[in-house]
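Following: one structure in structure tokens, then a few remarks.
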Amino acid sequence: MQRVVMMRFREKPFVCLLIIFSAMVLLPLLSGCSTTDTAAQKKRAASLADLGNAMTAEGNARGGLQKLLEAAKLDPENERIYQQIALAFRSLGDYQLSLKYFRKALELKPQFPEAVNNMGTVYLLMGDWPKAINCFKEAAANIKYQTPQYAYNNLGLAYFKMGDHKKAIQNYEMALRLSRSYAPVYLNLARLYEKKGDLVEAEANYREAIIYRPKDPAGHMGLAKLLMKQGKNEEAKASLITIIKEDPRGLEGREARKLLAELQK
């Protein structure tokens, strides 16, 4: 039987060559289709992730999370999508699921200081100061981390929560050495000094925060309340009016209206 088959192939060499040639042409085409499909999936995943992040930023964390989970199904090896899912769960207050997805991101990319730092913020929210501090230290020490001031600011906040004001100030100052214009550090320093009773330093830091973020209601609110403590009501009114202008429908805007009404009685 084998001999008959071989004879038939010898009798039709052109047909054999045609079969071989067709296979050589089709294989790359099939491979190309697979590559094209993968690229399209990744592009679709990126679009869904962008939409999910935008929805989360606008306050629709649940809707944003659904889009991010869809994106992860399309691009399951993308560590950044897992980090974004973790952040969405953090905003929803589901800290265990947030940690789960941060770990997924770190399994795919162990050298991912942004995820390590953000995972530390979850431990911070949970009140687990030692684990939070370990995460922040690890992120800050990573030479590839382009914004280590975030980790040092978070370290300062963790030590502040623990009641260690000295270490908190050291880390806040380190953050400012790396980025003098990083406004959240000034806010945290202001709150620390206010708690210590050093109202002069507290006011100075609130004003620094406002310089770098003039439209951020948080700095104006902190300053307004501090000024009211000192009986500087006219100065406080100016800050409250700014808050109402910048955050007319927000929580701080509503609080500013109440405080302003009290001052105007």
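The values are calculated or read from the model by the stated rules, or taken from the named source; none is laboratory data. Note that the structure is predicted; figures quoted are calculated from it, not measured. For neighbour counting, all protein chains shown are included, and Cβ atoms are generated from backbone atoms with ideal geometry for every residue, glycine included.
Summary of computed values
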read-out	value
Qualifying position, being among the aliphatic types (A, V, I, L, M) and either modelled with pLDDT under 95 or closer than 20 Å to ARG213 by Cβ (or both), among LEU176, LEU124	LEU176
Selection count, the range 219-264, where residues are within 31 Å of the chain's Cα centre (by Cα), of a type in the set (A, V, I, L, M) and surrounded by fewer than 18 Cβ atoms within 10 Å (Cβ to Cβ)	2
Every pair of residues 6+ apart whose Cβ atoms lie under 6 Å, when the first sits in the range 48-73 and is surrounded by 15 or more Cβ atoms within 10 Å (Cβ to Cβ) while the second is in a helix (DSSP H, G or I) and among the basic types (Lys, Arg)	LEU48/LYS67; LEU51/LYS67; GLY52/LYS67
One residue from ALA209, ALA204 being assigned to a helix (DSSP H, G or I), of a type in the set (Gly, Ala, Ser) and surrounded by fewer than 18 Cβ atoms within 10 Å (Cβ to Cβ)	ALA204
Pairs where the first residue, in the range 252-265, is at pLDDT 90 or above and the second is of a type in the set (Asp, Glu) and buried (at least 17 other Cβ atoms within 10 Å of the Cβ), C-beta under 8 Å, 6+ apart	GLY253/ASP247; ALA256/ASP247
Test result for ASN205, of a type in the set (S, T, N, Q) and farther than 23 Å from ALA151 by Cα	no
Members of the range 116-147 that are part of a helix (DSSP H, G or I), without any contact (Cβ under 8 Å) to a residue 24 or more places away in the chain and surrounded by fewer than 20 Cβ atoms within 10 Å (Cβ to Cβ)	PRO130, LYS131, ASN134, LYS137, ALA141
